Structure formats: C-alpha cells, structure tokens
Amino acid sequence: MLAEYARLGAVPVLGYPISRRFQWRGRTTQVTQRGVLQWDESQGEVALVNIFDYLNENGWDGWLRERRLIPKQLPPSSAEAGLSWDDIVKIRMQLLDQDQQIKSYYLSTPNALALYGLPTSNAENFGPFVAMRFQRATLQRWQMDSDAARAGQITAVNAGELAKDLGVFPRAAVEPENAPERSRTPVSRGSSGGTRGVATWYGADFQGSLMRNGEPFDMYNPGIAASNSHPIGTRLRVSSLATGHSVIVTVADTGAFRYPIIVDLSWAAFRQIADPDAGVIEVTVEPLRDS
C-alpha cells in the first residue's frame, strides 16, 4: 500500500493518510485526505474508489450541494446505453468544455482518469469558485482570493476527509493511532532514542504559509520539518533506512498526518536524504539532546 501511495503521487496528490488499513466493501482500504485507496487483487495494485459515485448512490447529493457547494451528479444518460467504454469516455469528456481552465488542469494532470475519474456534473458557479464533480474528486476553480486559494487557482476537495466526516467508514478505522514506543536499541551519541516510520515532504503548496512556530514556511530551508510527536523546537536526526543518509532538522510545524508518517520534511531537507520524486521513504527519527 505504501509503494502504491507513492506511485500515485503521495502527499502532493493524495494528501496524508487519515486512516489505518481496514476491510471495506470486501477489499483492503486506506483513506487519505483526498482519496480512498483500495487494493485490487486482480490487478495487483491500488485503485481509487469512485467515492463521489458512492455518495450519490447513498443519497448524499442534496447535502453535498447545500453544505459543501459540490454540484449534484447528473442522472444516467440513455445516450450511453450500449456504448463501449471508449465512447462513454468521449461523451463524458465533453462536459469539460464548460470550463476551459478546469479542462486544462484535468488534461495536464498525469493519470487524471485514474485519480479523478470521469466528469459527472456540469460546471456550476457558486460565487467564490466554479466547481465540477468527478467520480473520485471535485475540482474548484477559484474566482477570488480566499483563505483556501488564490483567484485562478484550481484545488481538489478533500474527498477522503469528506467521506470520513459523513461516517462512511468504520469509526475504529479512522480513530488516531499512537506511534510505537521508541526504539531501545543503542543510538548515536547526542541522541535519546529513535522511532522507525515514514517521512514525507511538503513544498510549493505551503510556501510562505505560517508554521506553528509563527514563521513563514520555506520549502528551500533544509533545516525544518513538521512533527506531531515532538515539541516545536526539538532537533531531530532523520535517517533514510535505504541509503543511511541523515539530515538534522528542527521541528517548526505540525501537520495533518498520522502514523506511520512520523515526520514531514521541507522539500530541501527531504532532498538531502532521498529523491523528492520518491514522495515517501522509510526512516529512523532520533531526537537530539542539547549536549
């Protein structure tokens, strides 16, 4: 699941994991902020659930439009009856012509069909943004600056968070889970124990945003990271299990992630120990003593 999460784009595309692995509708499932991943035994890979189709089938469309400004799904078209998959794709893609910026964003996204699915609604103007719904996502083109985005920016609704909030998944699967006890094996001088887990990175989408320490985030600063298990100001040695390379960072922020992700490095810090294209890597994190 971790390898497939990385293959599909990891944090920049899917956001952070927000559930543990669990069985749902007969398959191993894990929820991220922006999608729902399921293991497909027949294909030997992860596929994203058509979560907005699921919400439509279970009667949530009215609530989604009124409370979250998500367009209602169009009813099934008789024109698609008996057509091949390729012909259905051509018909659905014509919906994108209603908003050229959303269309351009969709067509320029690698694996857009796998990540978002087919368009399932008209483009609807809600004022602050124009929204279009897909099988697995809803895209918003912002028409004015807001706390969420700048005018002209395209954002994706956090579909996984939305489904979790609606109680779609078993409560036990999405409850917070503590990280394991710190390793009791000897560690290098100047440290006080280590934890094994996963490291990710964050970058341009957060550039300039205020961190929990009150300073603006700088993705090019190799000395900062976010952590939910160490206090702000703690110095950490983060070591890649694959390469043995290490970087020392100071906790300056927290994030919307949960174990097994134990640290979210700046782009520059991640680059010190691995290729950022990897997205996620296994690491050991050791808090350093002051002396």
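The values are calculated or read from the model by the stated rules, or taken from the named source; none is laboratory data. Predicted model only: the values in this text are computed from it and were never measured. Neighbour counts run over all protein chains shown; Cβ positions are idealised from the backbone, glycine included. Side chains are part of the model used for accessible areas, which takes the heavy atoms of the whole protein and leaves out ligands, DNA and RNA. Shrake-Rupley method; radii C 1.70, N 1.55, O 1.52, S 1.80 Å.
A 1.4 Å probe run over the protein chains yields, for the chain, 51 Å² of accessible area per residue, whole-number rounding. Residues with beta-carbon under 15 Å from that of Phe217, excluding Phe217: net charge, scoring Lys, Arg +1 and Asp, Glu -1? Every neighbour counted, the sum reads -4. Loop-located chymotrypsin sites (Phe, Trp or Tyr not before Pro) across the stretch 199-242 with a Cβ neighbour count of 15 or fewer within 10 Å are Tyr220, with loop assigned by DSSP. The relative contact order of the chain, computed from alpha carbon pairs under 8 Å that lie at least 6 residues apart in sequence, is 16 percent. Ranking Ser239, Val13, Met144 by Cα position along the charge dipole of the chain, where only Lys, Arg, Asp and Glu carry charges on their C-beta atoms, puts Ser239 farthest toward the positive end. Overall, the chain carries a charge dipole of about 600 debye about its Cα centre when +1 sits on the Cβ of Lys and Arg and -1 on the Cβ of Asp and Glu, all other atoms neutral. Accessible surface comparison of Met211, Met1, probe 1.4 Å, protein chains only, largest first: the order is Met1, Met211. Close amide H contacts of Gln153 (hydrogens built in the peptide plane, cut-off under 5 Å, sequence separation of 5 or more or a different chain): Trp142. Amide H to amide H distances under 5 Å link Leu265 with Thr200, Trp201, Tyr202, Ala226, where only residues 5 or more positions off or on other chains count and H is placed in the peptide plane.
Among Ile18, Ile91, Ile262, which one shows the biggest mean-square fluctuation in a GNM of the chain, springs joining Cα atoms closer than 10 Å? Ranking Ile18, Ile91, Ile262 by mean-square fluctuation puts Ile91 first.
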